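Written below as structure tokens is the structure these notes are about.
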Amino acid sequence: MIITGFRFARLRVPLTTPFKTSTRSVDEIDDIVVMIDTDDGHVGYGSAAATARITGDTHGGILDAIQGHLAPLLIGEDCENLMLLTGRVRGALKRNTSAKAAVDIALHDLFGQRYAAPIYKLLGGGDPSITTDVTISVDYIDKMVADAVAAVDRGFEALKLKVGKDPGVDVERVKAVHAAIAGRAVIRLDANQGWTPKQAVRALHQLEDAGVRLDIVEQPVRSWDLAGMLFVTERIDAPVVADESVTGVTGVAEIIQRRAADIINIKLMKTGGITTALRIADLAATYGVECMIGCMLEGAISVAAAAHLAVARSEVITRVDLDGPSLGRFNPVDSNVCFNDAEITIGDSPGLGIKAVQGLETLDA
């Protein structure tokens, strides 16, 4: 399976409700899709979300990175040499992790097709069924309560509430949702860097005093403020998750060494794909640190790849936050990963098992 060329497309999926965090509001999933063609007719699929405020990647930057820097290193090479090719992708240029992730995912898809096995089996196997939480966007209290109740009625047993706009109002948001779902689901908080360390501790103590027991608190402070994250971690009961603070392996090592967080959130768009994500999971496992698998606001191609990773490293990945496809009005991707609200299952077809992707907008190479 010799790589002969790259094709690109854009895939947009409107959301059922706007996705709102402390830093942005988005109305649709908007991914760049990369398709790697081979001489025997196989196609490897990958995709990337442009999240400029977090990774620095834009649609134009993703395309330029792949076309100008990554594709030339791979054309003419045999897909069988997975580690060689993903190593070239990783070392080709600084940052640009979303572009790297799209290509890395497509290479793993081709590798699975080469050996006629789904990706998770090539990564070590596991039970091909996982359960995800769902995001409740930051909004007016009544809207968040209504969204939370609707999500629980759909079968979600874990809700991730977006907060971080105003600590005082955030406390009231969480208390209202907690009262409305009456123990039917666990609550996870994600402040998306929106609080200072002291604000975080004050707000979280108020919730603890009110009887709200949180499953996790994700990225309460700025990504660079590991001292501030440690300040929070040492003073609250709920486990603290490092998200935006997690980029590469060395950054994770520092978080673990400083004990700045209890859990590491792995996202393919931040790590540059499956290859580095595996290294992070294995490093965390070595030190007995749990991981969570997450996603940006992404469609079902890249999230499917993350699901394969979650299954293959389920001994260390203890929480799943792969709700991107569930937030869309429809799923245009027919693959071996089935997203059925909270339940995600993986079939046996090779690679990502992608049979069709509806609504692709072809982009000029």
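The values are calculated or read from the model by the stated rules, or taken from the named source; none is laboratory data. Everything numeric in this text was worked out from a predicted model, so none of it was measured. Methodologically, a virtual Cβ is constructed for each residue, glycine included, from the backbone with ideal geometry; neighbour enumeration extends over all protein chains shown.
Below are the figures for this structure:
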read-out: Only listed residue being buried (at least 16 other Cβ atoms within 10 Å of the Cβ), closer than 26 Å to V289 by Cα and in contact (Cβ under 8 Å) with a residue 60 or more places away in the chain, chosen from D243, D190; value: D190
read-out: Number of positions in the stretch 233-253 that are closer than 16 Å to V171 by Cα and either basic (K, R) or in contact with a Phe, Trp or Tyr (Cβ under 9 Å, 6 or more places away or on another chain) (or both); value: 0
read-out: Some residue of the stretch 194-214 being under 30 Å from T286 (Cα atoms), in a loop (DSSP other than H, G, I, E, B) and at pLDDT 95 or above; value: yes
read-out: Helices (runs of 4 or more DSSP H) fully within the stretch 92-184 counting 3 or more residues that are within 30 Å of A52 (Cα to Cα) and of a type in the set (A, V, I, L, M, F, W, C); value: 97-114, 141-153, 167-181
read-out: Unique match (being surrounded by fewer than 24 Cβ atoms within 10 Å (Cβ to Cβ) and either within 24 Å of the chain's Cα centre (by Cα) or under 22 Å from D30 (Cβ atoms) (or both)) among G91, G76; value: G91
read-out: Total residues in the stretch 3-52, condition buried (at least 19 other Cβ atoms within 10 Å of the Cβ), modelled with pLDDT under 95 and either in the same structural domain as L268 (by TED's automatic domain parsing) or under 21 Å from I274 (Cα atoms) (or both); value: 2
read-out: Qualifying residues in the stretch 148-173 (those that are touching a residue at least 40 places away in the same chain (Cβ under 8 Å) and crowded, with 22+ Cβ neighbours inside 10 Å) - the one nearest to I293 (Cα to Cα); value: K160
read-out: One residue from I256, I264 being crowded, with 20+ Cβ neighbours inside 10 Å and in contact with a strand residue (DSSP E or B) (Cβ under 9 Å, 6 or more places away or on another chain); value: I264
read-out: K160 at pLDDT 95 or above and closer than 19 Å to R213 by Cβ; value: yes
read-out: Enumeration of residues in the stretch 215-232 that are of a type outside the set (G, A, S) and either assigned to a helix (DSSP H, G or I) or surrounded by fewer than 17 Cβ atoms within 10 Å (Cβ to Cβ) (or both); value: R222, W224, L226, M229, L230, F231, V232
